Every structure is written in C-alpha cells, then in structure tokens.
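Student: Right, I'll just put the structure down here and ask away after.
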Amino acid sequence: MSFAEARRCVLEQVKSGRRRPAVECVPLPEAAGRVLARDVRADRDYPPQPRSMLDGYALRAEELPGEFVVVGEVRAGQPCDVEVRPGEAVEIMTGATVPPGADAVVMVEHMRAEGSRVWVDRVLEKGAKVNAQGCDARGGAVVLRAGQSVGVAETALLATVGAAEVEVYARPRVAILATGDELVELDQSPLPHQIRNSNSWSLAQQVTRAGGEAVVLGVARDRLEETQAQIGDGLGYDLLLLSGGVSAGKYDVVELALARFGAEFFFDRVKLQPGQPCVFGRARGTFFFGLPGNPASTLVCFEVLARAAVELLGGCEESLLAVTRAPLSEPFRHKAGLTRFLPARLEEDGRLRPVRWSGSGDVPALARANCLLVADAEKEEYEAGEMIGVLAL
Ligand code: AMP
Ligand code: MG
C-alpha cells in the first residue's frame, strides 16, 4: 500500500468505526489541548459597540479634509456619553466606543491640534479605523465548533465569550506495549546485548501531544503466549500501540498474537521509510497499530499514521498532516518507490538541511533534527534550492 493509501485507510476506518467519546466539563485553563464537545456561540455582538482601532479623533468622514472643534473625550472602559455633530470631533483612545454621529477615526499622527481645534488635511473613507459593531461576530453566532481542539486562539475566544467552564471530550486512553527480548527498563543497566526501551516513552509523549492519555504497559518478550497475554490487556483500551515485532524475523510474533484475537488487518506493509512493516488493524473492537521497533520508525509511523487515530478517537472532526514545502540547502537523492520521512533541520533562513544519520536506529540524529524532510516516492533527485516537503515535529 502506498503511504497516501495507508493514511486514507486510517482516516476512513477510524472515522467510520469510532464511538462517540464521553463528555466532561472542565475549567477554561484545563481545556487547553482538549477537543470541544459542543458548539460555542458568541454571547453578544463582537465588538459590542463600534470600536476605535487607534488613538486619534472620531469625526464624520464626509467633512474631510477640514477643521473641527474638539467637544470631548472617550476612553476605553468608559461609557460613551458624547455625540459628534457636524464640524465636531471627539478625542478617542484605542478600544473606546466610537460616539454616535462619528463614522471614522483619524490617527493623532495625521493631524494638527491647537487648543480645542484640530486640522486634518487628508480624506478618509466612512468607517476608516473603526471596527463596526458585530464585525468580528454577531451575538448568537457559532464561533467554535464541536470537534475543534483548543489552541491558543480558541482559549482567547472562549475567555472572550465568558466560557469559564468548557465541555470537552474525554481523552482516549491509549495503551503502549513495547516488545523485544533485548529491552530493559529506563533505570536498569543494559548488558552489552541489551538496550533501554525508548519507544514507550517517546510514544507516550506523542500520544499526550495528540490529546490522548498514554498508559505504558510492561514490555512483552518475543514469545507468542506472553505477547498475546499483554495484547489482551492492551485491547481493553481505546487504542493499542505496539512497538517492535512486526518485521519478517523468526521472533516477530506480534501479528501472530493479534491474529489469535481474530484481528482484522487493514494493512501490514506501507511504502514508506522508515517504518515499512507498519501494521494497522482492529481486534475486539479496538484499533491497533504495530509500529516497527527502530526508534525512528516508531516515531515516524506514529506521527504520520497513528496520530490521526488518536485525534479522531478523541473526537476531533479532522486530523491534518501538515506537510509544507521549503527549499533544500543542498542536493538530495533517494531511491524511488518509498515516501521518505527523514530527520532534517529547518534553518532560520528558511532552508531545509537533511541531518546525517546512520539509519533508523540513530536516536541522536533524531534529536539533532527539528523536523522531517518528506521525499516523494516518485521523485529520485532534488537539486539544491528545489522545494521539498517538510513536516514539523
Ligand atoms: P523490531 O521491530 O522488533 O525488529 O526492532 C527493530 C529494532 O528496533 C531493533 O534494533 C530493536 O532492538 C529496536 N527496538 C525495538 N523496540 C525498541 C524499543 N522499545 N526501544 C528502543 N529500540 C527498540
Ligand atoms: Mg523485536
């Protein structure tokens, strides 16, 4: 399966096979990163009255250019009790209500003031530097949709409309099961033939970032019965992520163990690198991913395939893989046939520089990268300066 087909498969399967998550109510500061469970409406017009965009003088645009008598002042945070009649102007501050009669604001820098008179030598359109009442949102209008996740702008908007309590979806609980006889825990000293389990912890962070609640299960050894028993536990969660044990090796027992639960496999090989033997399916009503064990494979396959499942199970309306493009700092070539996601650095000058690495087990290279370079499966050669895909990490 091509990478694009695999991604489409994940989106379609999870969208059609997911259950609606439970709804909980949280205080606004705890809603950050959560997914809205209800539409949110504006509680009144925004702005609630016509508002000045800058410090200056409010007047009638049709009288420009001209001379005006200053008849008062309006400040932000005070009710507006003056009216502007022909030949008059009112001094006004940013954010203050534009008085009735006035329809434009001239900035202080564009006028000359003397005593209670001002001269303006330019013309302005009606409405210049004024935000009309309700121009941002009308009272009652839906300003946020259920299924939208709460980022910084959404927090600002929720605060604006007075949503002290926010209804959000419960986070999906995601079980993480690493497999491998060579793995030892973080706090153990590995023997020369052993390594520490890093995938469970990188995955846990990725799951959290995607809005899930990560539950790290113990490491399963490369034996069918043991792996099967742990998979049995993992299938009790909303999603199961396995790492390792999905290649063609003699001791790669993950797929066999999953099959014992009557698993349906949607794919078990994808034309992407790193992570070609990536597996996706469902057993006992729970979706699972078998992510190849090399740390870069696990990281990439989660980011480009499994993250979408976490987001959709969390009630997100959409999951976006935001591949943008940037010019390469040097030529790049790869063997056609696989979509590649390789460690790279996006530099301050906007250029993308591939990071040297020794292969998908090279964790320090991943840490030197700040994004992934995305190379098209059909295109073998890229010249320096040529645009290539970039995926933020
Ligand atoms: P596998 O997919 O099981 O064939 O593993 C591929 C490579 O990834 C092997 O070199 C493993 O030692 C390594 N690996 C597997 N699981 C992990 C893990 N949890 N943390 C770090 N490396 C791993
Ligand atoms: Mg293994």
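Student: What do you reckon, is residue 336 open to solvent by 30 Å² or more (accessible area, probe 1.4 Å) and of a type in the set (A, V, I, L, M, F, W, C)? Before you say what the answer is, go through the steps one by one.
Tutor: Numbers: open to solvent by 30 Å² or more (accessible area, probe 1.4 Å): yes; of a type in the set (A, V, I, L, M, F, W, C): yes.
Yes; evaluated as a whole, the condition is true for this residue.
Student: (1) of a type in the set (D, E, K, R); (2) over 22 Å from residue 312 (Cβ atoms); (3) out of contact with any helix residue (DSSP H, G or I) (no Cβ under 7 Å at 6 or more places or on another chain): which one isn't true of residue 271, the others all being true?
Tutor: (3)
Student: Next question, about the same structure. Starting from the range 328-346, keep only residues that are polar (S, T, N, Q), then list their pairs with residues that are open to solvent by less than 30 Å² (accessible area, probe 1.4 Å) and at pLDDT 95 or above whose Cβ atoms are within a distance under 8 Å, requiring at least 6 positions of separation or different chains.
Tutor: From residues that are polar (S, T, N, Q), the pairs are 329/352; 339/3; 339/272; 339/374; 339/375; 339/377.
Student: Test of understanding: among 374, 390, which residue is touching a Cys at 6+ places or on another chain (Cβ under 8 Å), buried (at least 16 other Cβ atoms within 10 Å of the Cβ) and not in a helix (DSSP H, G or I)? Working first, answer last.
Tutor: On the way: 374 fails: touching a Cys at 6+ places or on another chain (Cβ under 8 Å).
Step by step, each of 374, 390 is checked, and only 390 is touching a Cys at 6+ places or on another chain (Cβ under 8 Å), buried (at least 16 other Cβ atoms within 10 Å of the Cβ) and not in a helix (DSSP H, G or I).
Student: Could you tell me how many of the residues in the range 275-304 are more than 10 Å from ligand 1 (Cβ to nearest atom), part of a helix (DSSP H, G or I) and either touching a Ser or Thr at 6+ places or on another chain (Cβ under 7 Å) or among the β-branched types (Val, Ile, Thr) (or both)?
Tutor: The qualifying residues number 3.
Student: Quick check, is residue 218 modelled with pLDDT under 95, closer than 22 Å to residue 284 by Cβ and not charged (D, E, K, R)? Outline the logic, then answer.
Tutor: Numbers: modelled with pLDDT under 95: yes; closer than 22 Å to residue 284 by Cβ: yes; not charged (D, E, K, R): yes.
Taking the combined requirement at face value, the residue satisfies it.
Student: Identify, please: which residue in the range 347-367 is among the hydrophobic types (A, V, I, L, M, F, W, C) and open to solvent by less than 70 Å² (accessible area, probe 1.4 Å) and is, among those, farthest from ligand 1 (Cβ to nearest atom)? Steps first, please.
Tutor: First pass over the range 347-367, keeping only residues among the hydrophobic types (A, V, I, L, M, F, W, C): 352, 355, 357, 363, 365-367.
Filter once more, keeping what is open to solvent by less than 70 Å² (accessible area, probe 1.4 Å): 352, 355, 363, 365-366.
Details: 352: 27, 355: 19, 363: 8, 365: 14, 366: 12 Å.
Step by step, filter the range 347-367, then rank; the result is 352.
Student: With respect to residue 178, determine if the residue is within 16 Å of ligand 2 (Cβ to nearest atom) and over 22 Å from the mean Cα position of the chain (by Cα).
Tutor: Numbers: within 16 Å of ligand 2 (Cβ to nearest atom): yes; over 22 Å from the mean Cα position of the chain (by Cα): yes.
Considered against the rule, which asks whether it is within 16 Å of ligand 2 (Cβ to nearest atom) and over 22 Å from the mean Cα position of the chain (by Cα), residue 178 comes out as yes.
Student: Is one or more of the residues making up the range 189-202 in contact with a strand residue (DSSP E or B) (Cβ under 8 Å, 6 or more places away or on another chain) and either touching a residue at least 40 places away in the same chain (Cβ under 8 Å) or more than 15 Å from ligand 1 (Cβ to nearest atom) (or both)?
Tutor: Yes; the residues of the range 189-202 include at least one that is in contact with a strand residue (DSSP E or B) (Cβ under 8 Å, 6 or more places away or on another chain) and either touching a residue at least 40 places away in the same chain (Cβ under 8 Å) or more than 15 Å from ligand 1 (Cβ to nearest atom) (or both).
Student: Name the pairs whose Cβ atoms lie under 9 Å apart, with the first residue in the range 33-55 and at positive phi and in contact (Cβ under 8 Å) with a residue 60 or more places away in the chain, the second of a type outside the set (A, V, I, L, M, F, W, C) and part of a loop (DSSP other than H, G, I, E, B), and 6 or more positions between them or separate chains?
Tutor: 33/151; 33/211
Student: When the residues of the range 232-254 are filtered to those that are hydrophobic (A, V, I, L, M, F, W, C) and more than 10 Å from ligand 2 (Cβ to nearest atom), which remaining residue is most open to solvent (accessible area, probe 1.4 Å)?
Tutor: Taking the range 232-254 as the starting set, the residues that turn out to be hydrophobic (A, V, I, L, M, F, W, C) are 235, 239-242, 246, 248, 253-254.
Pick out the ones that are also more than 10 Å from ligand 2 (Cβ to nearest atom) and you get 235, 239-242, 248.
Values: 235: 11, 239: 0, 240: 0, 241: 0, 242: 0, 248: 107 Å².
The residue in question is 248.
Student: What are the residues in the range 119-138 that are acidic (Asp, Glu) and either under 26 Å from residue 41 (Cα atoms) or not in a loop (DSSP other than H, G, I, E, B) (or both), if any? Please lay out each step first, then the result.
Tutor: First pass over the range 119-138, keeping only residues acidic (Asp, Glu): 121, 125, 136.
Passing the criteria: only 136.
Student: Could you list all residues from the range 81-108 that are without any contact (Cβ under 8 Å) to a residue 24 or more places away in the chain and of a type in the set (D, E, K, R)?
Tutor: Of all residues in the range 81-108, those without any contact (Cβ under 8 Å) to a residue 24 or more places away in the chain come to 81-83, 85, 100.
81, 83, 85 - these are the residues of the range 81-108 that are without any contact (Cβ under 8 Å) to a residue 24 or more places away in the chain and of a type in the set (D, E, K, R).
Student: Here's another thing I want to ask about it. Counting just the residues of the range 305-321 that are touching a residue at least 40 places away in the same chain (Cβ under 8 Å) and in a loop (DSSP other than H, G, I, E, B), which one comes out farthest from ligand 2 (Cβ to nearest atom)? Give the steps one after another, and end with the answer.
Tutor: Here is the first cut: in the range 305-321, the residues touching a residue at least 40 places away in the same chain (Cβ under 8 Å) are 305-319, 321.
Applying the additional criterion that residues be in a loop (DSSP other than H, G, I, E, B) yields 314-319, 321.
Numbers: 314: 29, 315: 34, 316: 32, 317: 36, 318: 34, 319: 28, 321: 27 Å.
Only one residue fits best here, namely 317.
Student: State yes or no: is residue 229 surrounded by fewer than 15 Cβ atoms within 10 Å (Cβ to Cβ), within 10 Å of ligand 1 (Cβ to nearest atom), over 15 Å from residue 309 (Cβ atoms) and without any contact (Cβ under 8 Å) to a residue 40 or more places away in the chain? Break it down stepwise before answering.
Tutor: On the way: surrounded by fewer than 15 Cβ atoms within 10 Å (Cβ to Cβ): yes; within 10 Å of ligand 1 (Cβ to nearest atom): no; over 15 Å from residue 309 (Cβ atoms): yes; without any contact (Cβ under 8 Å) to a residue 40 or more places away in the chain: yes.
For residue 229, the condition - surrounded by fewer than 15 Cβ atoms within 10 Å (Cβ to Cβ), within 10 Å of ligand 1 (Cβ to nearest atom), over 15 Å from residue 309 (Cβ atoms) and without any contact (Cβ under 8 Å) to a residue 40 or more places away in the chain - is not met.
Residues checked against (1) away from ligand 1 (no atom under 16 Å from the Cβ); (2) over 30 Å from residue 320 (Cβ atoms); (3) buried (at least 18 other Cβ atoms within 10 Å of the Cβ):
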position: 124; (1), (2), (3): yes, yes, yes
position: 144; (1), (2), (3): yes, no, yes
position: 154; (1), (2), (3): yes, no, yes
position: 165; (1), (2), (3): yes, no, no
position: 175; (1), (2), (3): no, no, yes
position: 187; (1), (2), (3): no, yes, no
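Student: While we're here: Give the residues of the range 284-304 that are of a type in the set (Gly, Ala, Ser) and touching a strand residue (DSSP E or B) at 6+ places or on another chain (Cβ under 7 Å), sorted by residue number.
Tutor: Within the range 284-304, the first condition is being of a type in the set (Gly, Ala, Ser), and the residues that meet it are 285, 290, 293, 296-297.
Answer for the range 284-304, where residues must be of a type in the set (Gly, Ala, Ser) and touching a strand residue (DSSP E or B) at 6+ places or on another chain (Cβ under 7 Å): 290, 293, 297.
Student: Looking at the range 203-216, which of the residues that are more than 12 Å from ligand 1 (Cβ to nearest atom) and farther than 16 Å from residue 305 by Cα is surrounded by the most Cβ atoms within 10 Å (Cβ to Cβ)? Let's see the steps before the verdict.
Tutor: First pass over the range 203-216, keeping only residues more than 12 Å from ligand 1 (Cβ to nearest atom): 205-215.
If we keep only those that are farther than 16 Å from residue 305 by Cα too, we end up with 213-215.
On the way: 213: 16, 214: 22, 215: 18.
Taking the candidates together, the pick is 214.
Student: Answer with yes or no whether residue 30 is charged (D, E, K, R), within 24 Å of the chain's Cα centre (by Cα) and at pLDDT 95 or above. Walk me through it before giving the result.
Tutor: Details: charged (D, E, K, R): yes; within 24 Å of the chain's Cα centre (by Cα): yes; at pLDDT 95 or above: yes.
So residue 30 fits the description; yes.
Student: Of all the strands (runs of 3 or more DSSP E) wholly in the range 1-118, which have at least 2 residues that are open to solvent by 30 Å² or more (accessible area, probe 1.4 Å) and of a type in the set (Asp, Glu)? Steps first, please.
Tutor: Numbers: elements: 23-27, 56-59, 66-74, 88-92, 104-107, 112-114.
The strands (runs of 3 or more DSSP E) meeting that bar are 66-74.
The values are calculated or read from the model by the stated rules, or taken from the named source; none is laboratory data. It should be emphasised that the depicted structure is a prediction, and the values quoted were computed from it without experimental measurement. Cβ atoms come from the backbone with ideal geometry, glycine included; neighbour counts cover every protein chain shown. Areas reflect the complete protein model, heavy atoms only, side chains present, ligands, DNA and RNA absent. Shrake-Rupley method; radii C 1.70, N 1.55, O 1.52, S 1.80 Å.
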